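The structure under discussion appears below in the form of structure tokens.
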């Protein structure tokens with residue numbers, strides 16, 4: 001019979017985990033080729049890839065340096081295009097030899113694939129990522145080999161040789177390394193089942209589960225009733241009366257803003273102190289941060305595997321600096337938005353603007369009037385704020401203070417929800433501000449800039465991530481970066497004298 005030596009599967013059977021004769025050198029396997037029904041997901045993946053070529057973006061620049069912001073931006077734009085095409089995204093990561101877990105420092109290279117929706121991680125490993133790795137030019141758009149007519153007749157296809165296989169044991173790995181006949185110059189590709197698998201790391205490259213990312217549908221329509229401003233504070237309890245009084249004097253009072261706060265580490269007496277200093281404090285909620293176990297359990301497992309493999313500070317305290325707490329902060333950001341939403345529901349009208357700010361922010365003069373900001377953008381200060389420093393080629397957003405039109409609120413305060421659901425646009429070794437920039441770019445939210453008139457207070461009496469890095473002369477100052485004090489004082493004086501003034505430019509840019 002023509003198909004006697006062919007392995008013919010039905011539409012629901014998975015691909016065999018072992019190589020067939022045409023996929024290895026001298027392995028002792030009876031079957032010499034693989035035949036699938038045309039409706040089998042793997043056959044559909046390969047057929048659709050002929051009509052809708054695979055797109056890949058190399059992430060090497062993002063892994064090599066925080067300065068390569070253009071690479072990070074390309075990755076996010078690639079995610080957006082893939083979503084618009086209803087495709088599936090796969091990270092493929094080539095590892096450094098035998099390792100026990102997937103971490104950014106163990107990656108030799110990583111690239112992001114956009115494949116047709118029928119494709120699985122097994123397909124991406126067997127045909128897509130391996131084809132990309134085998135290419136001499138590493139072209140950004142390519143097609144895997146096409147299925148051919150088969151011995152089984154109409155409705156069946158013979159699929160091309162696979163270049164990667166799942167390994168179930170160390171013996172299987174040894175067998176595959178001996179038997180696979182990959183293209184010249186290409187290392188064997190062996191797929192594992194993820195970071196928790198006993199074989200994780202003992203592979204040439206790892207293909208993540210397929211995923212998608214969020215779209216603009218998470219943004220809310222403007223709404224018919226909008227009035228007033230709310231200032232939202234979320235994070236660890238970092239409080240001094242002098243700084244809190246300055247926040248009321250320069251932020252809450254001039255804008256007539258209602259304040260909402262969610263904080264960890266505060267006590268009931270702390271809440272009373274803040275209410276005394278902030279007469280417009282509408283609601284404050286004291287919470288506990290999740291344990292590491294609960295933090296992990298709150299994130300979709302397949303997504304967490306991707307985030308942990310790529311790192312870094314944006315996933316703290318699970319990855320990156322163990323003193324970091326970005327996930328805790330993002331969870332509290334979501335909770336403080338919920339406080340403001342509850343207030344809106346009770347009064348029957350939304351706020352017009354929401355402000356994100358911090359309890360440990362020193363303000364030197366009044367917040368600019370909201371009339372200078374248009375509602376087509378989220379407004380932030382330059383990366384280093386009052387220090388007046390802007391680094392070249394960075395894809396990052398300052399997250400100290402933000403001015404957010406109400407309908408864009410979920411783009412800013414909803415990052416924790418995106419992370420939990422596996423919809424966050426994660427790029428390699430992302431820091432918090434880079435994750436923010438990626439999220440806003442993915443959701444196509446423009447970013448405006450305004451001059452910083454604030455700086456962070458030094459963390460003498462509370463914990464902060466970079467405390468141990470500060471030299472003694474900086475630790476003595478009230479300001480986290482004392483060099484910003486002189487610059488801010490000059491700005492405040494010039495604004496007070498009328499030598500400088502806030503202006504709204506013709507293009508809607510605050511100044």
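The values are calculated or read from the model by the stated rules, or taken from the named source; none is laboratory data. Just so we're clear, the structure is a prediction, and the values are computed from it rather than from any experiment. As a convention, Cβ positions derive from the backbone with ideal geometry for all residues, glycine included, and neighbour counts pool all protein chains shown.
Quick notes on this one:
- Checking each residue in segment 484-511 for being surrounded by 12 or more Cβ atoms within 10 Å (Cβ to Cβ) and modelled with pLDDT under 80 picks out 508, 509, 510, 511.
- Selected residue (only one of 233, 239 is in contact (Cβ under 8 Å) with a residue 60 or more places away in the chain and part of a loop (DSSP other than H, G, I, E, B)): 239
- Extreme residue, nearest to the chain's Cα centre (by Cα), among residues of segment 274-298 that are surrounded by 15 or more Cβ atoms within 10 Å (Cβ to Cβ) and in a helix (DSSP H, G or I): 295
- Hits in segment 337-380 - residues which are under 18 Å from residue 399 (Cβ atoms) and assigned to a strand (DSSP E or B): 353, 354, 355, 356, 357, 361, 362, 363, 378, 379, 380
- Residue 338 being at pLDDT 95 or above, within 26 Å of residue 422 (Cβ to Cβ) and in the same structural domain as residue 251 (by TED's automatic domain parsing): yes
- Unique residue being in contact (Cβ under 8 Å) with a residue 60 or more places away in the chain and in the same structural domain as residue 454 (by TED's automatic domain parsing) when the list is 255, 304: 255
- Subset of segment 1-14 (residues that are assigned to a loop (DSSP other than H, G, I, E, B) and modelled with pLDDT of 90 or more): 9, 10, 11, 12, 13, 14
- Residue 326 being touching a helix residue (DSSP H, G or I) at 6+ places or on another chain (Cβ under 6 Å) and surrounded by fewer than 18 Cβ atoms within 10 Å (Cβ to Cβ): no
- Checking each residue of segment 263-271 against the condition of being within 30 Å of residue 369 (Cβ to Cβ), touching a residue at least 60 places away in the same chain (Cβ under 8 Å) and buried (at least 17 other Cβ atoms within 10 Å of the Cβ) gives at least one match.
- Subset of segment 299-310 [farther than 28 Å from residue 340 by Cβ, in contact with a strand residue (DSSP E or B) (Cβ under 9 Å, 6 or more places away or on another chain) and surrounded by 18 or more Cβ atoms within 10 Å (Cβ to Cβ)]: 306, 309, 310
- Flag if residue 474 is out of contact with any helix residue (DSSP H, G or I) (no Cβ under 8 Å at 6 or more places or on another chain), modelled with pLDDT of 95 or more, outside any loop (DSSP other than H, G, I, E, B) and in the same structural domain as residue 250 (by TED's automatic domain parsing): no
- Taken over segment 5-39, the residue count meeting the criterion of being closer than 24 Å to residue 153 by Cα and in contact with a strand residue (DSSP E or B) (Cβ under 8 Å, 6 or more places away or on another chain) is 22.
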